[in-house]
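Peer 1: Please read through the structure below; I'll follow up with questions.
The values are calculated or read from the model by the stated rules, or taken from the named source; none is laboratory data. None of these values were measured; they are calculated from a predicted model. Here Cβ is always computed from backbone atoms with ideal geometry, including for glycine, and neighbour counts include all displayed protein chains. SASA here: full protein model, heavy atoms, side chains in, ligands and nucleic acids out. Shrake-Rupley method; radii C 1.70, N 1.55, O 1.52, S 1.80 Å.
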Amino acid sequence: MQNKKKNDRRLPGFYIALCCCVLALGAAGYFSERLSVKKASTVAENVEIPTTAPIAETISTIEPLPAPEDVSVFSEDNPPEILVPQELIPTEPPLTEEDYTSDNPDIDEVNASVNTEESFTVPVNGEIAKEYSNTPEFNNVMGDWRTHNGVDIKADEGSEIRCAADGEIKSIANTVYGCELTISHSNGYETIYSQLTPSDEITEGKNVRSGDVIGHIAVPLNETITEAHLHFGVKKDGMFIDPKSMLGL
């Protein structure tokens, strides 16, 4: 009984001690939190906050783009400067045309291919019976007015007709003047041979050389000149010209 009474007296003291511990822990936590807040305030006061953003300072230092009129424009009077390494600059003078042609075996062939004018030869030997004329005149055989767009060269029937210059057979056609053969040449020239009998090997698209036999004098048809002859015409860029200017006659 006495022991029970002693235990009952001890219990209030235990609870008092427990309450004191709880109060002590609460007080410690409270003062600890206040100390942390105070330290944070002190650190914040010592930190310097910039008044101007660094990115704004960077943008302010960027130079503006030049106006269009200030931009350099390259032209013939203002070419761009090209820097060539010293080792790439030739130390010897460039070759001249004489240096190039002195030991070039193909130069004659090259010159022949780049001639700007054709050199025509007479297609048949004979006397010119009628000249070229761009003035209309009355044709008694045809019964109308027409120009004479070529020259009539007299030759015996069956005489060989030769190509006046290198070219390609453009066409072979039968006309009111008999068989007509047209050869196309470089630089826009064409030669026309009328009143002939073409050679068997002559066909459209065939390449021919100056002096090749392309036919023979045939019997004239519907011409004012009734004697055997070749009607020879020349075109430049589709227009008839006087053949004598190309034949040197």
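Peer 1: Can you count the Lys pairs in the stretch 131-249 whose Cα atoms are under 20 Å apart, with each pair 8 or more apart or on different chains? Before the final figure, lay out the partial values.
Peer 2: On the way: Lys154/Lys244; Lys170/Lys206; Lys170/Lys235; Lys170/Lys236; Lys206/Lys235; Lys235/Lys244; Lys236/Lys244.
Final tally of qualifying lysine pairs is 7.
Peer 1: When all protein chains stay in place, what accessible area (Å², nearest 10, 1.4 Å probe) is found for Thr203?
Peer 2: Taking all protein chains as shown, Thr203 has close to 70 Å².
Peer 1: Mind ranking Ser159, Ser186, Ser119 by accessible surface for me, highest first, 1.4 Å probe? Can you show the working numbers first?
Peer 2: Working: Ser159 35, Ser186 60, Ser119 95 Å².
From most accessible down to least: Ser119, Ser186, Ser159.
Peer 1: Net charge within 12 Å of Ala155 by Cβ-Cβ distance, Lys/Arg positive one each and Asp/Glu negative one each, not counting Ala155 itself? Kindly include the intermediate steps, with their values, before the conclusion.
Peer 2: Values: positive: Lys154, Arg162; negative: Glu127, Asp152, Asp156, Glu157, Glu160, Glu227.
Result for the neighbourhood of Ala155: -4.
Peer 1: Related question: log₁₀ I(q)/I(0) of the stretch 125-249 at q = 0.12, 0.15, 0.17 Å⁻¹, via Debye over equal Cα point scatterers, no solvent, to two decimals?
Peer 2: One equal scatterer on each Cα of the stretch 125-249 leads to -0.41, -0.65, -0.85.
Peer 1: Let me ask you something else. Tell me whether the stretch 178-231 comes out rounded, prolate or oblate; compute the Cα gyration tensor, take square roots of the eigenvalues as a ≥ b ≥ c, and use a/c under 1.5 as the rounded threshold.
Peer 2: Details: a/c = 2.47, a/b = 1.65, b/c = 1.50.
Prolate.
Peer 1: Residue by residue through the stretch 159-168, what is 3J(HN,Hα) from phi via Karplus (6.51 cos²θ - 1.76 cosθ + 1.60, θ = phi - 60°)? Round to whole Hz and write x for glycine and proline.
Peer 2: Values per residue, Gly and Pro as x: 5, 6, 10, 10, 5, 7, 6, 4, x, 9 Hz.
Peer 1: So what is the relative contact order of the stretch 192-249, in percent, for Cα pairs below 8 Å that sit 6 or more residues apart?
Peer 2: Numbers: 57 pairs, mean separation 20.5, N = 58.
With pairs under 8 Å counted, the relative contact order is 35 percent.
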